[in-house]
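Please read the structure below before turning to the comments.
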Amino acid sequence: MNDQAAGNAKRARFQALCQALRPDLLRFAFWLSRDHSVAEDVVQETMLRAWKAQDSLADEAAAKPWFLTIIRREYARTFERKRFDTVDVDALVASEEPLLAAEEAQDLAELRRAVFRLPDDYRLPLVLQVLMGYTTAEIARELDLSNAAVLTRLFRARQQLRVLCGENTRSDPE
């Protein structure tokens, strides 16, 4: 009975960990996929894989990077097994489809489009820092980079965002 109680306690701890991390995982999956339903699918698959491999998680403090790694791999797998339906945008425009009229603040929409146009090498560290709250050291560990490389990518990502958003990047006054 003692082994069963220990197993139940371990499962309960893992479920609590999954529930606590789920909002961050979903947010990260959305930034990768740019689609809520794909993000939900990726997180669901991630949770299933994590559940099956929970014995490989030696330290609960390392759970978030472990889950994010699984999410990145699951997101890549979605393209191996799923063929997405394409939509004729001209037909949607002609029918004045309400989905095309999503209401967002113009500045936020512009910033979001600019972030999505960044190369993955710059977008991913920026999202991990800004959206997920990772430190430079955590980003370096997660992406297998040096701290200097992470800082360089973050700097360049911000520079490119300024350009994409039409901000003057000159530092000297005119």
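Here, each number is a calculation from the coordinates, and none is a lab measurement. What you see is a predicted model, and the numbers here were worked out from it, not measured in a lab. We place every Cβ from the backbone using ideal geometry, glycine too, and count neighbours over all the protein chains shown.
Figure the gain on full extension for ALA20 and ASN147 (residue separation times 0.36 nm, minus the Cα-Cα span) and round it to one decimal in nm.
42.9 nm
With a cut-off of at most 16 other beta carbons within 10 Å, and DSSP calling the residue loop, which trypsin sites (Lys or Arg not before Pro) in region 11-85 qualify? Please list them.
Those satisfying the criteria are ARG34, LYS82, ARG83.
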